[in-house]
1. Please work out which option in (i) 30, 55, 15, 0; (ii) 31, 59, 9; (iii) 26, 46, 24, 4, 0 gives P(r) over Cα pairs in 20 Å bins from 0, in percent calculated from these coordinates, and answer with its label.
2. Enumerate the amide H contacts of Leu141 below 5 Å, restricted to partners 5 or more residues apart or on another chain; note that Pro and chain-start residues carry no placed amide H.
3. Evaluate the relative contact order of segment 23-139 (contact order divided by residue number), counting alpha-carbon pairs under 8 angstrom at least 6 apart; express in whole percent.
4. Before I look further, what does the chain give for accessible area per residue, probe 1.4 Å, in whole square angstrom?
5. Considering amide H positions built from the backbone, and no H for Pro or chain starts, which residues 5 or more places from Ile48, or on another chain, come under 5 Å of its amide H?
6. HN-Hα J couplings of segment 228-233 from phi, Karplus 6.51/-1.76/1.60, θ = phi - 60°, integer Hz, Gly and Pro as x?
7. Using helices alone, I'd like the mean residue ellipticity at 222 nm for the chain: each DSSP H run of four-plus residues gives -39500 (n - 2.57), total over residue count, nearest 500.
8. Show me, for segment 204-215, the HN-Hα J-couplings you get by feeding each phi into the Karplus relation (A = 6.51, B = -1.76, C = 1.60, θ = phi - 60°), rounded to Hz, glycine and proline as x.
Amino acid sequence: MTSKLERLLAGGTVAWDRALVTDGLSPEAVAQITAVTPAAPDKTWVVIDHDAPAGSVAVAEQQKALLDWARQAGTVFRSGQGIGYALLLEAGLTPGEIVLSGGSHAAAVGAAGAVGLSLPPAELARALERRQVSLPPAPLLRLAVTGTLSPYLSVRDLAWTLIRSGLCAGKAVAIHAPQLTPAQAMDLCGLLGAAGAVTAFCAEADAPADETVDLSALRPMAVLPGDAGQTVPASGTDGLRVNQVFIGGCGGGSLEALRETAALWRGRTVCPYVRVMVAPATSAVYIQALEEGLMDVFLDAGALVMNQGCSACWAQSQGRCDQAEVFVSTGSINCAGWAGKAHNGIYLTSVRRAAQAALSGSLYES
């Protein structure tokens, strides 16, 4: 653990290394942030990834405000190239870097050992202007992950098991799990951060673990509509008829997630009564998926291939649902009203179970 991180977790003030601003912020937050001049524009990324292309005039106006601010300040700017956290990881992060964001899944950059922090708009604006950030004191939890995942389990089952236990809430979680792939680590860190951990990041085992989790002892999990804390054994959703399936976002848009989906769908077709959407996380993933023929598999199966980005995980213009519809998602957001004003039926699950639900029209444990 670096001395900078030690100072930060002790409640001190440190200089941040990267900052990410996206169109996922509220109009009020955008106004607060664009009112300041960033102290390190070359380390500040402005990424249009949530609602791309814009789904309304109001969104277009907000994105224009971010574009103008980025141009005037001289920040890094990306639009329509994919999810901001994934783009930062593709560009290269180093262990111990402090990365700020206004999004709830800032900890996703922990896949590279970076420390992602989600800040309220006013604090993010102040940090951008001063290039300093501070936190209330936060305990460090050293978590060792042992064993291997069976083919019918995913790292999401690990994340939801930890969230259900309450073990990580309010803590900075240093994870030693060398058996995880970068995509798995990104999903794990992002989910823990969004569900109450101060941050989560992959780290070498530099001290004895406070807690140990055995992957081989896990059971399939799912998340019921409402919020990220509504975790239940996946058997609790057995037989649930579904209307829409989304495979994409931070947890389902990686190349390995698309490969897993294609392996299940090759030579088969999805249920004709289910709207099925697939969205790569970034342009690089999209291109590689094209080269491997994965997109052909998705289209032949009857799925809708969407552009790279947050897509229907954001669900503010893509993937909206009728009030009573069941929406199965590999995304990270399942709050009421997210996929429609009166809708409260987003179930979060693993890529495998979402892909199987797309074929059968129902959600099952395995």
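The values are calculated or read from the model by the stated rules, or taken from the named source; none is laboratory data. The structure presented is a predicted model; accordingly, all values stated were derived computationally and were not measured. Every residue, glycine among them, receives a Cβ derived from its backbone with ideal geometry; neighbour counts consider all protein chains shown. All accessible areas refer to the heavy atoms of the entire protein, side chains included, with ligands and DNA or RNA removed. Shrake-Rupley method; radii C 1.70, N 1.55, O 1.52, S 1.80 Å.
1. Here the calculated entry is (ii).
2. HN-HN under 5 Å from Leu141: Ala172, Val173, Ala174.
3. Values: 166 pairs, mean separation 34.1, N = 117.
Here the relative contact order equals 29 percent.
4. Working: 14420 Å² over 366 residues.
Heavy-atom SASA per residue in the chain reads 39 Å².
5. The answer is Arg78, Ser79, Gly80.
6. Working through the residues one at a time gives 5, x, 7, 7, 9, x Hz.
7. Working: 12 runs with 116 residues, N = 366.
Value at 222 nm, helices only: -9000 deg cm²/dmol.
8. Values, residue by residue: 6, 7, 9, 7, x, 6, 7, 9, 10, 10, 9, 4 Hz.
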